[in-house]
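Written out below as C-alpha cells is the structure these notes cover.
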Amino acid sequence: MSASTSSLLELRQVTKQFGETTVLHPTDLQVERGEVVCVIGPSGSGKSTLLRCVNFIAPPTTGTIVFDGEEYRPPKDHRWIPALGIPEEQRLTRLRTQVGMVFQQFNVFPHLTVRENVALGLRKTCGLGKKAADARAVEELGKVGMAEKAAAYPEQLSGGQKQRVAIARALALEPKLMLFDEATSALDPELVGGVLQIMRDLAAGGMTMMVVTHEMRFAMDVADRVIFMDRGGIVEQGTPEQFKSPQHERTRAFLKSINHG
Amino acid sequence: MVFAFDTTVISDHSSELLDGLLLTVEVAALGFAIAALLGLPLALAGRSQSPLLRVPATLWVGLARGVPLLIVIFWLYYAAAQEGLFSLTAFLAGALSLGLTGSGYMSEIYRTAFSAVPSGQREGAAAIGLSRWQTFRLVIFPQALRTAIPPGMNVFVMLLKGATLLSVIGLADMFYTAKLVAVNEFKPFELYTAAAVLVIAVTLVAALAAGVAERRMSKGVRR
Ligand SMILES: Nc1ncnc2c1ncn2[C@@H]1O[C@H](COP(=O)(O)OP(=O)(O)O)[C@@H](O)[C@H]1O
Ligand SMILES: [Mg+2]
C-alpha cells in the first residue's frame, strides 16, 4: 500500500467554481488518521468551500476526493432525468454518514426535540429502531453535557447548547472525520470556551478533524497542522511551531490583523 | 321611506339555508383537499432542475390560475359530458373545478414555503447522511408546512367564495337556496345578506382553526 492511500482523506486537484468565478483553485491535501488540521484565513478565502467539498455538500467542480480508500468524483449532471443520479447520490450519502460536520449557524432542526435531532440520523442512516436510537441519542447528549435537555426544543437553548446538540448529532453516527466550520463564531463570548473544550477533548481522543477557526490559541494548542488559505488557495501550511514565524507575507499580515482584533 | 329588514323570512328558511351552507362548505373542503394534494407535486416539479418536470408544472400553474373558475366549471360539467368524455355530478364537477383552480395557488404557496426554510437546514440534513427525499420529508416539509398554513387558508376562503358559482350548474348550495327563496319571497336583500353573513362566519371559523393548527404545529419552530 502506498503512503497516499493510507491517508484518511486525500484531495487531488480539487476545484470549485460558481458559474464563472473560481472559488477554490486546484488544491491538493492529505489528512492522516488522527490528525487535527486547523484552517485559517480571511473571510471569503474559501475555507468553508474547502470543507464543503470534502463531504460533497458543495460538490467540487473538478478533481478527486479519496476518503478511507474510496474515490469520489464530481457527480455528473443529470439535469434532464434527475433519477439517473440516484446511485451516485446514494454513494455520497454513505460518505456523509462517515464525515460529521458542525456549522457556524448550528443548523439544528427546530421542529424536532434535542433527542430527536440526534436520533434522526441514527434511525434513518444507521437503521436503528426508535427505542435504540433514542437511547443512543441520550447517551451521546450526555457526552456533551446536554442529556437533561433531551426533551427541549432548540429554541429553548442558548447558542452554545445548540452547538453541543449539533456536535452530538454528528458524533452519534461515529464519523471517521469531523469537519468544524467556525463552530464558535456565532456564539456569545462566554459560551465559546465550553464548545472549544469539547473539541479539545475530541482531538485528544484521537478524532481526525478539519477545523476552520479564528481561535488562534485553539489552533496553536490543538492542531497538528495549520493551513493558511487566501483567495481560494492554500498559501502556506505547517506545524503550529512553524506558524510562529510564517514564510509568506500574506500569512504574516493575516496573523497580525487578527491579533489586533 | 324606512327600509325594513325582515328577519322572519330568514328564520323561516334557516334550515334550507344551513343545508345549502353545509353543501357549500363540503364542496369547498373537497376542492381544497384536491388543491392541497395536487399543489405539492406541482411545487416539487416546479422546483426540479429537470425541464421535463419544470415546464409542464409551470404551464399547469399558469393555466390553473389564469383560466376563470366559471369556465373550468362549465368545461368539466357540460362540455366534457357533451363530447362524451366523462360525466360528473354537479358536486364532483364543482369540487374538481375548485381543486384544479386551487392547485395553481397551492403550488405557489408551497414553493414559497420551501424557499423560506433556511438553506442550512438542507445542509444539516445532508451532513448526517439523509437522502434528498428524506431531507425533504423529515426536515424541509414539516417546517415549510407551517409557513404554508396561513396563505393556504386564504386559498380555502377563495374556494369557498368560488363555490357560490356552482349554483350555475345546479348545485343546491347556499347561494342557490338563497336565490330560490329570494325569488319566491321577493326578499332578495335579506337572503343575500344572510348568505353573505354565513360565508363570513365560516371564513372566520376557518381562520381561527388555521391559527390553532399553526400554533400546534409550530412546536419549537419560531424564527
Ligand atoms: N453559493 C455560492 N455562490 C456563489 N459564490 C459563493 C457561494 N458560496 C461561496 N461563494 C463565494 O466563494 C468565496 C469563498 O467563500 P467561503 O468558502 O464561504 O469563504 P470563507 O469560508 O473562507 O469565508 C467567497 O467569495 C464567496 O462569496
Ligand atoms: Mg466560512
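Have a look at B:Val117, B:Val25, B:Val157 and tell me which one the Gaussian network model of chain B (Cα, springs below 10 Å) gives the largest fluctuation.
Between B:Val117, B:Val25, B:Val157, it is B:Val117 that shows the largest mean-square fluctuation.
With each run of n ≥ 4 DSSP H residues scored as -39500 (n - 2.57), what mean residue ellipticity at 222 nm is computed for chain B after dividing by its residue count and rounding to the nearest 500 deg cm²/dmol?
Value at 222 nm, helices only, nearest 500: -24500 deg cm²/dmol.
Return the whole-Å distance between the Cα centroid of the stretch B:23-43 and the Cα centroid of the stretch A:209-261.
Taking the Cα centre of each part, the stretch B:23-43 and the stretch A:209-261 sit 58 Å apart.
Is the shape of the protein assembly as shown best called rounded, prolate or oblate, per the rule: a/c under 1.5 gives rounded, else a/b larger than b/c gives prolate, else oblate, with a ≥ b ≥ c the square roots of the Cα gyration tensor eigenvalues?
Verdict is prolate for the protein assembly as shown.
Note down the relative contact order for chain A as a percent, whole number, built from C-alpha pairs under 8 angstrom at least six residues apart.
Relative contact order, chain A: 25 percent.
Taking θ = phi - 60°, what integer Hz values does the Karplus form 6.51 cos²θ - 1.76 cosθ + 1.60 yield along the stretch A:166-178, in sequence order, with x for Gly and Pro?
After applying 6.51 cos²θ - 1.76 cosθ + 1.60, I find 4, 5, 4, 4, 6, 5, 4, 7, 6, x, 8, 9, 10 Hz.
Within the stretch B:1-137, what whole-number % of the accessible surface is contributed by carbon and sulfur, with the 1.4 Å probe and all protein chains included in the calculation?
68
Which of A:Thr97, A:Pro110, A:Gly121 sits farthest toward the positive end of the charge dipole of the stretch A:57-127, with +1 on the Cβ of Lys and Arg and -1 on the Cβ of Asp and Glu?
A:Pro110
Would you mind working out the accessible area per residue for chain A, using a 1.4 Å probe, and quoting it in Å²?
The answer is 45 Å² per residue.
For the stretch A:1-79, what class follows from the C-alpha gyration tensor (a ≥ b ≥ c being the square roots of its eigenvalues): rounded when a/c is under 1.5, otherwise prolate if a/b is larger than b/c, else oblate?
oblate
Please build a GNM for chain A, connecting alpha carbons under 10 Å apart, and tell me which residue among A:Glu241, A:Glu249, A:Glu182 fluctuates the most.
Looking only at A:Glu241, A:Glu249, A:Glu182, the biggest GNM fluctuation is shown by A:Glu249.
Would you mind pulling out the separation of the Cα centroids of the stretch A:109-171 and the stretch B:51-105, in Å?
46
Can you tell me which lysines have their Cα less than 25 Å from the Cα of A:Lys76? Leave out same-chain residues fewer than eight positions away.
Here the lysines satisfying the reach criterion relative to A:Lys76 are A:Lys16, A:Lys47.
Find, among the chymotrypsin sites (Phe, Trp or Tyr not before Pro) in the stretch A:68-171, those assigned to loop by DSSP (not H, G, I, E, B) with at most 12 other beta-carbon atoms within 10 angstrom.
Those satisfying the criteria are A:Trp80.
Rank B:Leu180, B:Met158, B:Gly124 by how far each Cα sits towards the positive end of the charge dipole of chain B (+1 on Lys, Arg Cβ; -1 on Asp, Glu Cβ) and give me just the farthest.
Selected residue: B:Gly124.
Check cross-link reach from A:Lys131 to the lysines: straight Cα distance under 28 Å, and skip same-chain residues fewer than eight apart.
Cα-Cα hits under 28 Å: A:Lys143, A:Lys149, A:Lys162, A:Lys176, B:Lys219.
For chain A, what % of the accessible area comes from carbon and sulfur atoms, probe 1.4 Å?
50
Just tell me the longest site-free run in chain B, where the sites are chymotrypsin sites (Phe, Trp or Tyr not before Pro) in a DSSP loop having at most 16 other beta-carbon atoms within 10 Å.
Longest site-free region, per DSSP loop and neighbour criteria: B:87-185.
Would you work out what percent of the accessible area of the stretch B:153-207, with all protein chains in place, is carbon or sulfur (probe 1.4 Å)?
For the stretch B:153-207, the apolar C and S fraction of the accessible surface comes to 75 percent.
Expressed as a rounded percentage, what relative contact order does the stretch B:8-222 have, with Cα pairs under 8 Å and six or more residues apart?
30
Can you run phi through the Karplus equation (6.51, -1.76, 1.60; θ = phi - 60°) for the stretch A:149-156 and list ³J(HN,Hα) in whole Hz, with x for Gly and Pro?
Calculated HN-Hα couplings, in order: 9, 3, 8, 7, 9, x, 4, 8 Hz.
Can you give the charge dipole size of the protein assembly as shown about its Cα centre, rounded to the nearest 20 debye, using +1 on the beta carbon of Lys and Arg and -1 on the beta carbon of Asp and Glu?
I would put it at about 740 debye.
First check a/c for chain B, with a ≥ b ≥ c the square roots of the eigenvalues of its C-alpha gyration tensor; if it is under 1.5, answer rounded, and if not, answer prolate when a/b is larger than b/c or oblate otherwise.
oblate
Helix-derived [θ] at 222 nm for chain A: sum -39500 (n - 2.57) over DSSP H runs of at least 4, divide by residue count, nearest 500?
It lands at -11000 deg cm²/dmol.
Of all DSSP beta bridges located in the protein assembly as shown, what percent are antiparallel, nearest 5?
Of the beta bridges lying entirely in the protein assembly as shown, close to 55 percent run antiparallel.
For the stretch A:40-49, in order, what is each residue's ³J(HN,Hα) by Karplus, 6.51 cos²θ - 1.76 cosθ + 1.60 with θ = phi - 60°, in whole Hz (x at glycine and Pro)?
10, x, x, 4, x, 7, x, 5, 4, 4
GNM on chain B, C-alpha springs below 10 Å: top fluctuator among B:Gly152, B:Gly124, B:Gly39?
Its mean-square fluctuation being the largest, the pick is B:Gly124.
What total accessible area, in Å², is buried where chains A and B meet, using a 1.4 Å probe and rounding to the nearest 100?
2400
Please give the per residue accessible area of the stretch B:8-222, computed with a probe of 1.4 Å over protein heavy atoms only, in Å².
The answer is 48 Å² per residue.
Provide a list, ordered by number, of residues in the stretch B:100-124 showing at least 10 Å² less accessible area with every protein chain present than when their chain is taken on its own, using a 1.4 Å probe.
Buried by the other chains: B:Gly120, B:Gln121, B:Glu123, B:Gly124.
Just to confirm the filter: which trypsin sites (Lys or Arg not before Pro) across the stretch A:51-113 are DSSP coil and have at most 15 other Cβ within 10 angstrom of their Cβ?
Of the trypsin sites (Lys or Arg not before Pro), the ones in loops of the stretch A:51-113 whose Cβ has at most 15 other Cβ atoms within 10 Å are A:Lys76, A:Arg79.
For A:99-112, what's the mean count of beta carbons from other chains sitting within 10 Å of each residue's beta carbon?
6
The values are calculated or read from the model by the stated rules, or taken from the named source; none is laboratory data. Because the structure is a prediction, the values reported are computed rather than measured. Every residue, glycine among them, receives a Cβ derived from its backbone with ideal geometry; neighbour counts consider all protein chains shown. These accessible areas exclude ligands, DNA and RNA; they are computed on the full protein's heavy atoms, side chains included. Shrake-Rupley method; radii C 1.70, N 1.55, O 1.52, S 1.80 Å.
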